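The values are calculated or read from the model by the stated rules, or taken from the named source; none is laboratory data. For clarity, every value in this text was computed on a predicted model and none was experimentally measured. Backbone-built Cβ (ideal geometry, glycine too); neighbour counts: all protein chains shown. Surface accessibility is based on the protein's heavy atoms, side chains included, excluding ligands, DNA and RNA. Shrake-Rupley method; radii C 1.70, N 1.55, O 1.52, S 1.80 Å.
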Amino acid sequence: AQKITQTQPGMFVQEKEAVTLDCTYDTSDPSYGLFWYKQPSSGEMIFLIYQGSYDQQNATEGRYSLNFQKARKSANLVISASQLGDSAMYFCAMREGGEKLIFGQGTELSVKP
Amino acid sequence: NAGVTQTPKFQVLKTGQSMTLQCAQDMNHNSMYWYRQDPGMGLRLIYYSASEGTTDKGEVPNGYNVSRLNKREFSLRLESAAPSQTSVYFCASSEAHGRLAKNIQYFGAGTRLSVL
């Protein structure tokens, strides 16, 4: 069974609009962390945002926020005021207890001018 | 601040050849990782090292060996390359301060490897 599921292979958004990228996860470990990474066409992996399983509030980092719904096991990334430079692959990842990350298959976001 | 540095950036091998991918980090991180990324897939963990002198298998370790040379350096070796090992390889590092810590992994720029 997939531990991290990203159901949107590709998404389009108009510049300056907000977009939500979906991520659901599966774990029985009460201690886990959820991460989002951005991979632009140049190929590097850029850390965006982190949410711990015990965090009471949704994480925010500038224009990025994480909509954490623990009961639904979802950790959706919200990008506000999209910019052309946001066009990239976005990966959701989960760390269960220890250190290893499990990645989803990614969502390709295209921002239209 | 260099962060995580991988060499080489590109490599073409023939089936059966061997090579070592190098990785170094300057963030004084305890843990280091090697991943591979295949088209249409997320990253998959090959091996990781929680501290100097220790290594553990990840999800896809077959055909690879690793060496944690010191706290800074973690190398990945392909002893006899196969076409199935054509991929993009990423090295990462993290502070790794326990189960409840963030343990954010920071990645190198990747190595594009083709095995013919």
Next item on the list: For A:Ser87, list long-range residues whose amide hydrogen, built 1.01 Å from N in the peptide plane, is under 5 Å from its own amide hydrogen.
Entry: A:Val111
Check: Which residues of the range A:8-45 end up with at least 10 Å² less accessible area in the presence of all protein chains than when their chain stands alone, using a 1.4 Å probe?
Finding: A:Asp29, A:Ser31, A:Phe35, A:Tyr37, A:Gln39, A:Gly43, A:Glu44, A:Met45
Notebook entry, point to check: Measuring with a 1.4 Å probe in the full set of protein chains, what accessible area per residue, in whole Å², belongs to the range A:1-81?
Noted result: 52
Check: Just from the alpha-carbon atoms, what are the Rg and Dmax of the range B:1-51 in angstroms?
Finding: 13.1, 37
Item checked: Residue-averaged beta-carbon neighbours from other chains (10 angstrom radius) around A:101-111 -> 3
Next item on the list: Restrict the search to the range A:1-55; then list the trypsin sites (Lys or Arg not before Pro) that DSSP places in a loop and that have at most 11 other Cβ atoms within 10 Å of their Cβ.
Entry: A:Lys16
Item checked: Cα-centre dipole for chain B with unit charges at Cβ (Lys and Arg positive, Asp and Glu negative), debye to 20 -> 100
Check: At a 1.4 Å probe, what is the % contribution of carbon and sulfur to the accessible area of chain A?
Finding: 48
Next item on the list: Go through the range A:100-109 residue by residue and turn each phi into a ³J(HN,Hα) via Karplus (6.51, -1.76, 1.60, θ = phi - 60°); whole Hz please, and just put x for glycine and proline.
Entry: 6, 9, 10, 9, x, 7, x, 10, 8, 9
Next item on the list: Determine ³J(HN,Hα), in whole Hz, for all residues of the range B:78-92 in sequence, where each value follows from phi through the Karplus function 6.51 cos²θ - 1.76 cosθ + 1.60 and θ = phi - 60°; x replaces Gly and Pro.
Entry: 9, 6, 9, 4, 10, x, 5, 8, 5, 5, 9, 10, 10, 9, 9
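Residues with beta-carbon under 15 Å from that of A:Tyr25, excluding A:Tyr25: net charge, scoring Lys, Arg +1 and Asp, Glu -1?
Details: positive: A:Lys3, A:Lys70, A:Arg72, A:Lys73, A:Arg95, A:Lys100; negative: A:Asp22, A:Asp26, A:Asp29, A:Asp55, A:Glu96.
With Lys, Arg at +1 and Asp, Glu at -1, the net is +1.
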Notebook entry, point to check: Taking R0 as 35 Å, what's the FRET efficiency between B:Ala82 and B:Asp26 from their Cβ-Cβ distance, rounded to 0.05?
Noted result: 0.60
Item checked: Translational diffusion of chain B, µm² s⁻¹ [Kirkwood Rh, Cα pairs; Stokes-Einstein; 37 °C; 0.692 mPa s] -> 232
Next item on the list: Below 26 Å Cα-Cα, how many Lys pairs turn up in the protein assembly as shown? Only count pairs eight or more apart in sequence, or on different chains, if you could.
Entry: 29
Item checked: A versus B: buried accessible surface, summed, Å² (probe 1.4 Å, to nearest 100) -> 1900
Checklist line | Long-range HN-HN contacts of B:Gly110 with modeled amide H, under 5 Å | finding: B:Gln6, B:Cys91
Check: So for chain A, what are the equivalent ellipsoid semi-axes in whole Å, largest first, each being the square root of 5 times an eigenvalue of the Cα gyration tensor?
Finding: 23, 14, 12
Next item on the list: Considering the convex hull of the alpha carbon atoms of the protein assembly as shown, report its projected area averaged over all viewing directions, in nm², one decimal.
Entry: 12.5
